[in-house]
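Chemist: Here it is: the structure, laid out below.
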Amino acid sequence: KQWYQRRVREINRLTPLFPIVYTTADWHPADHISFHSNVKKGLHATVEEECPGCETALFQTVVVEGPPKLRQTLWPDHCIQGTEGAEFHPELNVEGGVRINKGMTRTVDSYSGFWDNGDTTHTPLYGHLIREGVTDVVAVGIATDYCVGFTALDAARHGLRTYVVEDAIRGVAPDTSKAMIERCKAGGVTLVKEGDLPEIINSTTDLVEMFDVITRAKNHFSELSK
C-alpha cells in the first residue's frame, strides 16, 4: 500500500490513547501566497535573491515582498477552502477531534498549527490547550519538515512538553526532514517511537512541575490576549 495509507493506520492506532485529539489542516483561499500558480500569475510579488529575473518554479523558495516579507516555498495548489482536497483522508479517524484550520490569510503561509510563518497571527489551538489543562503534546502526521516540525517547535516554545512520534510522521524530502528533526531536538522536542507512548501517557507528573508548566502556559496565553 501507499506510504500515506500506512501513516493513516498508524495514526488511527494512536489516537485512542489520548483523551483529546486536535487535527490541524491547511484551509487556504484560492489566491494563497504559497501557490506557485498564483505567484506565476503575478498575484503576489516576489524578490528573487539568487536569480533576478528568472521564472519561478514549483518547490522553489523565494522571498515574498509581503507584508510580512518572508521566505516562501512555492507549492502546487492544495487544501483550497471548500474543496475535497482540503478534507482529511477518508480512512483517517478524526471523529470527536477538534479541527484547527490554518493558512487562511492570503498573504502569509502557516506551517505551524499555532502561528503563521511570520508570527503575526495565531490560531485557536493554544487557547484550546490551556482551557483543557493540556501540559503534553504528541505530534504525528505530515510533513515532518514543515507542518509537523513547526507545530512541535511552537508547542515547546509555549512551555508544553512536546513529543514527535518518529514512526508516525513523513517528510517531503530526506535532507529537510533530517534538518527539522535536529532543529526540534535543539528546540526541546523529544523524539519517541510508538512503543514509548504508553509509558509516557501513564507516567505520573510531579505536581510541582505540572504547576510550573501550567503557570508558564497561562503567562504565554495572557501575552497572546494583549
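Chemist: Quick one: C184 ticks every box in (1) open to solvent by 50 Å² or more (accessible area, probe 1.4 Å); (2) at pLDDT 95 or above; (3) assigned to a helix (DSSP H, G or I) except a single one, so which number is it?
Modeler: Only one criterion is unmet by C184, namely (1).
Chemist: Now for a different question. Failed condition for P19, given (1) surrounded by 13 or more Cβ atoms within 10 Å (Cβ to Cβ); (2) closer than 30 Å to V137 by Cα, with all others met?
Modeler: Going through the list (1) surrounded by 13 or more Cβ atoms within 10 Å (Cβ to Cβ); (2) closer than 30 Å to V137 by Cα, P19 breaks only (1).
Chemist: Criterion first (under 16 Å from Q81 (Cα atoms) and in a strand (DSSP E or B)) does A25 satisfy it?
Modeler: Considered against the rule, which asks whether it is under 16 Å from Q81 (Cα atoms) and in a strand (DSSP E or B), A25 comes out as yes.
Chemist: Report every pair of residues separated by at least 6 positions or lying on different chains whose Cβ atoms are under 8 Å apart, first residue within region 80-97 and within 27 Å of P16 (Cβ to Cβ), second part of a strand (DSSP E or B) and not hydroxyl-bearing (S, T, Y).
Modeler: A86/A25; A86/D26; A86/H28; A86/I80; F88/A25
The values are calculated or read from the model by the stated rules, or taken from the named source; none is laboratory data. Values in this document were obtained by computation on a predicted structure and should not be read as measured data. For neighbour counting, all protein chains shown are included, and Cβ atoms are generated from backbone atoms with ideal geometry for every residue, glycine included. All accessible areas refer to the heavy atoms of the entire protein, side chains included, with ligands and DNA or RNA removed. Shrake-Rupley method; radii C 1.70, N 1.55, O 1.52, S 1.80 Å.
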